[in-house]
1. Which of the residues that make up region 33-67 are modelled with pLDDT of 85 or more, among the small types (Gly, Ala, Ser) and not in a loop (DSSP other than H, G, I, E, B)?
2. What do you reckon, is residue 30 outside any helix (DSSP H, G or I), polar (S, T, N, Q) and at pLDDT 90 or above?
Amino acid sequence: MPESGVRELKIRASQILRAVRERRARYIITYRGKAVAVLAPLDAVPAEEQASSPEGGGAVWDELVRLGEQIAKGWRTRKSSTELLSKMRR
C-alpha cells in the first residue's frame, strides 16, 4: 500500500482520490513519518464503521442525539441556540 505524507496529499489530492476511486487503490497517510490514517474506497470499509455515520445510523450518532436531548431538557432560556450564537457573533 503506497504511503503519502500530508504535504504530498495536499499537493496531489485530486490524483490520489482518482486512484482510490478508479483503481480502488489504498493509501497510508502519514504525518511526520508516522501512519495516521488509511484512505480507501468507502465500500471497502467494514459495515460497522459506516454505521457510525449520520446516513447509516449507528451508536455514535445515537449518542449525539441523546446528548442533544439531554442538553435541551436543561435549556434555561426561551432563545434557541441559533439565536444565542447569532447574538454572540455581533
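The values are calculated or read from the model by the stated rules, or taken from the named source; none is laboratory data. Computed from a predicted structure; not experimentally measured.
1. 35, 37
2. Details: outside any helix (DSSP H, G or I): yes; polar (S, T, N, Q): yes; at pLDDT 90 or above: yes.
In short, yes.
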